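So the structure is just underneath, and the comments pick up after that.
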Amino acid sequence: MSWVTVDGLRVNYGSQTVLDGVDLQIPHGGIVAVLGPSGCGKTTLLRSIAGLLPVAGGSIRVGDRELSTATRRIAPEKRGIGWVPQDASLFPHLSVGDNIGFGLPKGRARTERIAELAELVGLADHIGRAPSQLSGGQAQRVSLARALAPRPDVVLLDEPFAALDPMLRTALRAEVAELLRSQDSTALLVTHDQEEALSLADHIAVMMGGRILQWGSPVEVYERPATPWVARFVGDTVEFSGYWREGEAQCALGGLDAVLLDGGISDGDGVRIVLRPEWLTVHLDGANATVISIGYAGHDALVTLELDGGARVRSRLAAPDLPEPGDRVRVSVRRPALAYL
């Protein structure tokens, strides 16, 4: 059952429409990531749900409460929504504990809630410290604890890991996901980081130009992208122009088993064929491609291959299985390709 429902949402900045007919449903206790490039409307969606922007059309509901329509808007502080910004935004004159408990009424329950959350985010011995004494990751944990303190109906996270270094970002997002799930929190994360969305969320909405192009689980969005653009944005692709014949996609790799993601096709129709690099495998016997270069990444590598016809493809291979530049190899495809009209 949907807990947060965004229905036909339209938001304008002056005469410009920024969100146009956005539909979104978040189940209770679910983590949803809105993934898209800068300027696609992600933060506008978040700010609309938070009540910081008026809506021109559609509605926003949480549970049985209608929060926003074109004619009605509940004030942000009365929505029961927590906010985790990109830069933590802690109050510098308050201690860690007072930052966590900022939105709580004074009393014993406040003290207990601060101690509970400080323990949950691993900062129980930092309650009396100033924000200036914290690392970036610690500050972001405090920001999350502050958002969770009043037990909000929804937690909104606005690219909360973007300012952190890559190693810390990877570790912290796993901790945040575990914490949100342990608190049975309903959360909406906006990000332009594909790996972050795929690893953190239960469902992903891919957004472009103020519209949601695809909604689904991380596996569905990655393995069955709705369009070639979604495929490219969510991960690396290997693409060919080809044509459809007798149930196969014909291209430089020959006839491939393929999933047709557009209907109404006839033999001879042109198609766009999309593969993921890890769907291609290389055998060190045979002679239909030459290894051109290897982009080594430790655990794996992107291997650039030139097919005998001149087309180039990339294969993602585990590091122990790497060929050498100049090797002659055979290329095969592990699973059905994706085909689009």
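Every number in this text was worked out from the coordinates using simple rules, so none of it is lab data. Worth saying up front: this structure is predicted, and the values here are computed from it rather than measured. Positions of Cβ are generated from backbone atoms using ideal geometry, with glycine treated the same way; all protein chains shown enter the neighbour counts.
How big is D, in µm² s⁻¹, for segment 21-139 by Stokes-Einstein at 20 °C and 1.002 mPa s if Rh is the Kirkwood radius over C-alpha pairs? Result for D is 127 µm²/s. For the chain, the longest principal axis of the Cα atoms and the long axis of helix 166-182 meet at an angle of about 60 degrees.
Annotation note: GluC sites (Glu not before Pro) in segment 198-267 located in DSSP loop regions with a Cβ neighbour count of at most 16 within 10 Å are GLU246. Taken one residue at a time, the phi angles of segment 147-155 give Karplus couplings (6.51, -1.76, 1.60, θ = phi - 60°) of 5, 7, 3, x, 6, x, 5, 9, 10 Hz. Gly and Pro are set to x. The residues neighbouring TYR13, those whose beta-carbon lies less than 13 Å from its own, together hold a net charge of +1 under the Lys/Arg +1, Asp/Glu -1 convention.
For the chain, the relative contact order works out to 15 percent when only alpha carbon pairs closer than 8 Å and six or more residues apart are counted. Test of the criteria: in segment 20-87, which trypsin sites (Lys or Arg not before Pro) are in a DSSP loop and have at most 14 other Cβ atoms within 10 angstrom of their Cβ? Taking segment 20-87 and a limit of 14 other Cβ atoms within 10 Å, the loop trypsin sites (Lys or Arg not before Pro) found are ARG72. Restricting segment 92-153 to trypsin sites (Lys or Arg not before Pro) that sit in a DSSP loop and have at most 10 other Cβ atoms within 10 Å of their own Cβ leaves LYS106. Taking amide H atoms as placed 1.01 Å from N in the peptide plane, the amide H of VAL34 lies under 5 Å from those of LEU189, VAL190, THR191, ALA205, each 5 or more residues away in sequence or on another chain. By DSSP, the beta bridges lying fully in the chain are antiparallel in about 75 percent of cases. Summarising the overall dimensions of segment 227-341 from its C-alpha atoms, the Rg and Dmax are 14.4, 44 angstrom. Averaging Cα coordinates gives a centre for segment 197-258 and one for segment 131-162; these two points are 33 Å apart. Judged by the mean number of other Cβ atoms found within 10 Å, the most tightly packed of the peptides 29-40, 267-278, 185-196 leads the ranking 185-196, 29-40, 267-278.
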